1. Given A:Thr202, A:Thr185, A:Thr198, A:Thr163, which one is out of contact with any strand residue (DSSP E or B) (no Cβ under 7 Å at 6 or more places or on another chain), of a type in the set (Val, Ile, Thr) and away from ligand 2 (no atom under 16 Å from the Cβ)?
2. Assuming A:Tyr576 fulfils every condition listed in (1) touching a residue at least 24 places away in the same chain (Cβ under 8 Å); (2) closer than 14 Å to B:Leu84 by Cα; (3) more than 9 Å from chain B (Cβ to nearest Cβ) apart from one, which condition is it?
3. Here are some residues: B:Lys315, B:Lys282, B:Lys301. Which one is more than 25 Å from B:Leu363 (Cβ to Cβ) and free of Cβ contacts under 8 Å to residues at least 12 places away in the same chain?
4. Quick check on segment B:74-105: of everything there that is polar (S, T, N, Q) and under 18 Å from B:Leu140 (Cα atoms), which residue is farthest from the other protein chains (Cβ to nearest Cβ)?
5. Just the residues that are basic (Lys, Arg) and over 60 Å from the mean Cα position of the chain (by Cα), please, taken from segment A:555-596.
6. Across segment A:266-283, what is the number of residues that are assigned to a helix (DSSP H, G or I) and at pLDDT below 90?
7. Within the bounds of segment A:439-449, is there any residue that is under 30 Å from A:Thr194 (Cα atoms), at pLDDT below 90 and in a strand (DSSP E or B)?
8. Collect the residues in segment A:34-58 that are touching a Pro at 6+ places or on another chain (Cβ under 9 Å) and more than 14 Å from ligand 2 (Cβ to nearest atom), keeping them in residue-number order.
Amino acid sequence: MSSKETFNQISPSEFFYRNRDLAGFSNPTRSLYTAVREFVENSLDACDHSGILPNIHMTIKAVDPEKPDPKQYILTVKDNGPGIPSKHVPLAFGTVLYGSKFGLKQARGMFGLGATMAILYGQITTNKPVKVKSNADGKTRFDFEMKLDIQKNKPVIMKKQETPSTEQGLSVSIVLDGDYAKAGTKIRDYVYQTSLITPYATITFDDPKGEKFHHKAIIRSMPPAPTVIAPHPYGIDVETIRRMLVDTHYQIPNVDDKMIEKVRKELGMSKKKFTYDEIMKKTEKKWKSLTRPVRVVISLMSFLEADFEKLQRIRIEDVDLRNNKLTYWDYSTSQTLVADMDVESPYYKQLANTVQGESLTHFLNKRFQRVGPTAALEFCKFAKFKPETRIGNMTDQELVKLSDALQTYEGFRSPDPTCLAPLGDGPLEKGIERRFEPDFMAVVQRTASAYSGFPFVIEMGIAYGGKIETRGTTVYRFANRIPLLYDEGSDVVLKVVKDTDWNRYKVKNDSAPLIIVSHICSTRVPYKTVGKENVADRPEIEKELRLALQFLSRKLSGYMSKKGQAEMAKKRANLYSKYLPLVAQFCTELSGNKKEPNYKQMIKEEIAINNAGENKEVEKNG
Amino acid sequence: MAKKVTKKVTKKVDKKEKIDKSKKLINLLKNHGAQVYEDLENGEFPKFSIPNRSISNIIYDKKLRQYILGTNTSLRSARNSSQLRSFTQLLWLAFFANKLTHEKKSSTLRDVYYSSQAFAIDFEDQQESDNIIVDLEAVLSQPREDFYVFPEERSSIFGDLTIEYTIPGYEGKTQNLSSHPDGYAIGPSMTSAQLADTSAELVIAIEKGGLFTRFVEEQVDKKFKSIIINTGGQAPRSTRTLLKRLHDEMGLPVVILTDGDVYGEHIAMVIKSGSANAAHLKGLTVPDAKWMGVWATDIDKFKLPTIPMTESDIKRCYDLLKDPRYQEGLWKRELEVFIKIKRKAELEAFSKYGLTNITEKYLPKKLEESKSY
Ligand SMILES: Nc1ncnc2c1ncn2[C@@H]1O[C@H](COP(=O)(O)OP(=O)(O)O)[C@@H](O)[C@H]1O
Ligand SMILES: [Mg+2]
């Protein structure tokens, strides 16, 4: 995304039009669908991260039902989530790029753009404000009506009102140009499939035609929420490293009253007046227990030979290590003074460390996942950096070299998947079972893997027969608990499914009531387009998908042969019931007997055997 | 070795023989039924043991001079779900055959196919019911004619032969087969009739209806004291049974006249020693029957107009060369000449020398010759 300066120079509509395709707002059909997604996904994200079982109610209503499509619709999405504290509401929905999801963990929303873009689209097409009702504490609900001023990247609050209310949660309502006649199927699919991959959520949708779609939660427990973790070296670029360096790099502390108070406290010299010598003596005793900022301040005092009073009168301007000079401003005399620094002094090292930043190995070890002290040393050897290189001293070229080396070094363990939140076998299975009521189903969760430093997990389910009404293979694709509905043509999941030779698994490809549910979880799903609808075919992801599908197909194959046997048994029983009576009749006449032989028991036995083999089965990945 | 019959033979066949035969068959069927009944009563799945009719189990019996089945049998069990249907069909057919034999009602292959439908026995097509009929023949080692199932194809007979019907409604009635110049169809009533009396000394089996009519017109029956039979191409089994009976019961030698081609030669061979198709049955062959012509060597000898052989004619020649029955004598020699000249001649070819040429010139000459081989 472009920087804030750029927003300031263009009009709101210009900003919108420059980015609408990327964000999925290219026409009234697509826009209505995208707006639905953005709000529903925000609600689900918010509930997930606060551990609340989501209950989401969406309404789409035509402003004037008589008019033909495309026309104005009111879209309202209400949830029971954590809400947004009232002071953050204007920022969250009134500014571009305000988001709380920048950390590295799996989330549905990604760029702090979604809701704002939908609101902006509504504002541009209908000139109506967005209405937000937020209750973050279960006591007070704040109702806002706002418009966006993109020039200033600021919301304009038109109405604000407080009401006591115990119902926690958030409701957003916009008016926008949409085409429900065309988008309706997709939106209903979206709601349905979302309920499939979020079996712990209750989702209700009142559509403009007065139809109600209600998907009740199937399970009452939530899968564990994803955690925020440090980035993996493979997933990093120069810009990110630069930003990380800046906030790792120690600053010379601002020596204000607060700081001095802290130094006194740590030395245990709070109350009285102390001489410089007394201070240094105490420091030697206490050094080990002092915090870093305090150590830095005392080092400065040592070169300035300052007691607390003197320290109060000065401001440090520069620590020049090359010339071993300390420059400071003296308030009492209003002049800049310079002190020499003794290189031999133990305090010199403390200062140097602070200014130069920590060592490269230390930095790598502390700021990245999967980089232990040994791995950091090994890496430095590989990248031809001295391990003790100070990060504060690194030039731009060195940063580029570092970033390149981080991505090419093969020694790092693969990314930590704890930041991922797959649904898990149980909930996925429950979801599939309740929504499709199949005769057979199996689910699998692969172990985590990674592509380009981004961890991912594949989970997949397969279902066959029962109440499945579709014929042929139907694939439901999900990524980070979002259904993917558009652009199916070029998706990696579909490619993998298409490559499968179903005959091998005793499945008739074009007539089988077969459903495959595929879920890719990653801190960054490699979407092919910004519209987030299809997943690019990274070899690592493709491989995992293949393995998952193979595992499930083999399970299905096992079921199919058992089913085949059961069907045979049934057929056999039918044949016996049909033919044995005839056999009995003919042989009776042929042999000249009066009474038919007692053969009925034979048919009964056959049917009993057949029934024993006919039990419905659910497979689980142990 | 030809048995010369000079005096008028009057041979009354013992009626009892025929009655014993159907009694024997009825007993056989009853035994099969009783076995199935007993199995069911014991809670066991009944089964039939059927002689295997696949190529690998068909062998040529040199002593019998015909194809017979080897000792391989296959089981058809009611337990096996893929065999249960055909097991039931077979049992039904046994039941149906029993009925036909009891009531002396004749039926055809097609009749059987339709009759099955009254008993909820679903044959997919007539092919399937025909196969079951052959299965029952194999199980009983009896031709289907014995249980009153006759072929649709009819060949015909003409000459001084008196028969006595045994079919219901005609029992005891006699008929002389020289009263109607178109000949008499060889159908169920003929096949089951007693052969009562004949003055003939010879049976001439001829391949084609046209020549049969010519022979009747030319009074070949009288001139050569013969019974003339039109086989209508490959002789149907009922006709072969009749030929055998004329030979065995009336002591008449049988000669065969066919087109001068490989198919003609084989028509003669089938009458003489049977076909692989009927390897499961005995009593259909006339080992002493003689192929009188038209031979390949006759073509040149009698200067017959010819037609070139087709590819498939030639292929057929080579196929037969591998048959054990074509390994020696006349059969081998003529086949090799056909292959050499690659031409063939039909019986009608004699007409080039006048319509009566065949009966006046060729036939006497060949009959005379036939006494010496
Ligand atoms: N329903 C909601 N409940 C609580 N917080 C929300 C909700 N919707 C949005 N937010 C907050 O507003 C922020 C901005 O949302 P959005 O513009 O969609 O960006 P993104 O979802 O990409 O972070 C979110 O990051 C979240 O902190
Ligand atoms: Mg969002």
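1. Numbers: A:Thr202 fails: out of contact with any strand residue (DSSP E or B) (no Cβ under 7 Å at 6 or more places or on another chain); A:Thr198 fails: away from ligand 2 (no atom under 16 Å from the Cβ); A:Thr163 fails: out of contact with any strand residue (DSSP E or B) (no Cβ under 7 Å at 6 or more places or on another chain).
So the residue among A:Thr202, A:Thr185, A:Thr198, A:Thr163 that is out of contact with any strand residue (DSSP E or B) (no Cβ under 7 Å at 6 or more places or on another chain), of a type in the set (Val, Ile, Thr) and away from ligand 2 (no atom under 16 Å from the Cβ) is A:Thr185.
2. Condition (3) is where A:Tyr576 drops out.
3. Values: B:Lys282 fails: free of Cβ contacts under 8 Å to residues at least 12 places away in the same chain; B:Lys301 fails: more than 25 Å from B:Leu363 (Cβ to Cβ).
Every option except B:Lys315 fails the conditions.
4. Within segment B:74-105, the first condition is being polar (S, T, N, Q), and the residues that meet it are B:74, B:77, B:80-83, B:86, B:88-89, B:98, B:101.
Among the residues that remain, those that are also under 18 Å from B:Leu140 (Cα atoms) are: B:74, B:77, B:86, B:88-89, B:98, B:101.
Numbers: B:Ser74: 19, B:Ser77: 11, B:Ser86: 10, B:Thr88: 5, B:Gln89: 9, B:Asn98: 6, B:Thr101: 12 Å.
Per the criteria, the residue is B:Ser74.
5. A:Lys578, A:Lys594, A:Lys595, listed by residue number.
6. Going through segment A:266-283 one residue at a time, the tally reaches 0.
7. Checked against the condition, which is being under 30 Å from A:Thr194 (Cα atoms), at pLDDT below 90 and in a strand (DSSP E or B), segment A:439-449 yields at least one hit.
8. Answer for segment A:34-58, where residues must be touching a Pro at 6+ places or on another chain (Cβ under 9 Å) and more than 14 Å from ligand 2 (Cβ to nearest atom): A:Ser50, A:Ile52.
The values are calculated or read from the model by the stated rules, or taken from the named source; none is laboratory data. Keep in mind it's a predicted model, so treat the numbers as computed, not measured. In this analysis, Cβ positions are derived from the backbone assuming ideal geometry, glycine residues included, and neighbour counts consider all displayed protein chains.
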